[in-house]
Amino acid sequence: MPPLPSELAYVPFVSVQHMMNLVHHLGIETVLRALADEIEADFKRWEMFDKTPRVASHSEVGVIELMPTSDGEMYGFKYVNGHPKNTREGLQTVTAFGLLADVNTGYPKLLSEMTLLTALRTAATSAMAARHLAPKDASTMAMIGNGAQSEFQCLAFKAICGIDTVRLYDTDPAATAKAARNLVGHGLDVIPCTSAEDCIEGAQMITTCTADKQNATILTDNMIGPGVHINAIGGDCPGKTELHRDILMRSSIFVEYPEQTWVEGEIQQLDRTHPITELWQVIAGHATGRTSPTQITLFDSVGFAIEDFSALRYVEGAIKGTEFFTMLDMLADPDDPRDLFGMLQRSTA
């Protein structure tokens, strides 16, 4: 009989079903608040992290990316794709998985699905940023783009920023109907709208989250009045934007990692001498966020690896003492580290 794997061979794996069970067990708003707090804590220690723009492989139909980072003790990466055309084929636009490892040994500590987790961490990051940038009395958010991310955004802004009303718009009325249906019973006043102009009526916060891989103008300059906060999360690759350039010229712009956002975010429309502020500096108290009631603040978010690192570390802690994971025999661990071949040979015994 071949020898059984040692304890060191096993790595906790969180499947899609495990992730769904964990979210239902804890409650989605609880998870969103906890993720926001975890991400905010890591933004406060931003300078401790290795930082690099994601490694992207672009094609005519989408992008596949690796997003790595480390705080010196733990290492994490996410594999993620972005294929807008997938929706037409009945497939997800975004799929992902991620891994967390011990820097001291290089051994993986967690393998997890990240399609759901990315949706949760993206929404939590948006609302965490709004907590620092949006008008303090904001109660209404316009959600333009009602695809897979929209409900997560709405619930995150409710749980973290205290909104009570969401106005929904998508060029596809079926998407708006889907989002409105899914948000029933979650304590929000949901208002489906028939145009972007109608959607932003009375909203103090505007989230844009569209999928088309092109330079688009979801919001024009004349649509944006003073004092609003814009959460632009749809732009995430070269050549894909959602806002008219004139809106950027009137806004105080906050970003995650400039080297990545200049290539992928709304600010790819601007000269690189244009002033921007890194969000971590606001959170750490090194820079100011909203300074006046009439200021337009813009979070030009493209997603960054530290947010995924925070999410993976949260999941690693949250699953302890639960049944929401499986131990995978994932690492070769011979009795003698120098005898990997002997381990292979004895496995047939």
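The values are calculated or read from the model by the stated rules, or taken from the named source; none is laboratory data. This is a predicted model, so every value here is computed, not measured. Note: ideal-geometry Cβ built from the backbone for every residue, glycine included; neighbour counts use all protein chains shown.
Any chance the stretch 285-292 includes a residue that's of a type in the set (Val, Ile, Thr) and within 18 Å of THR217 (Cα to Cα)? No, every residue in the stretch 285-292 fails to be of a type in the set (Val, Ile, Thr) and within 18 Å of THR217 (Cα to Cα). Summed over the stretch 306-349, residues that are part of a loop (DSSP other than H, G, I, E, B) and either under 41 Å from the mean Cα position of the chain (by Cα) or surrounded by fewer than 12 Cβ atoms within 10 Å (Cβ to Cβ) (or both) total 19.
Please verify whether the stretch 130-142 includes one or more residues that are surrounded by 23 or more Cβ atoms within 10 Å (Cβ to Cβ), among the hydrophobic types (A, V, I, L, M, F, W, C), touching an Asp or Glu at 6+ places or on another chain (Cβ under 6 Å) and closer than 17 Å to ARG33 by Cα. Within the stretch 130-142 (the criterion being surrounded by 23 or more Cβ atoms within 10 Å (Cβ to Cβ), among the hydrophobic types (A, V, I, L, M, F, W, C), touching an Asp or Glu at 6+ places or on another chain (Cβ under 6 Å) and closer than 17 Å to ARG33 by Cα), the answer is no, since none of the residues qualifies. Scanning the stretch 97-113 for residues that are closer than 23 Å to TRP46 by Cβ, without any contact (Cβ under 8 Å) to a residue 40 or more places away in the chain and in contact with a Phe, Trp or Tyr (Cβ under 9 Å, 6 or more places away or on another chain) yields a count of 3.
Screening LYS85, LYS78, LYS109 for residues that are of a type in the set (Lys, Arg) and farther than 21 Å from LEU328 by Cβ leaves exactly one candidate, LYS85. When VAL80 is tested against the conditions (1) without any contact (Cβ under 8 Å) to a residue 24 or more places away in the chain; (2) under 30 Å from ALA9 (Cβ atoms), the lone failure is (1).
For the stretch 74-107, taking the residues that are charged (D, E, K, R) and touching a strand residue (DSSP E or B) at 6+ places or on another chain (Cβ under 8 Å), the one that is farthest from SER310 (Cα to Cα) is identified as ASP102. Within the stretch 187-202, residues that are under 17 Å from PRO173 (Cα atoms) reach partners that are at pLDDT 95 or above and basic (Lys, Arg) with beta carbons closer than 7 Å, at six or more positions or on different chains, in the pairs ILE191/ARG167; CYS193/ARG167; CYS199/ARG167.
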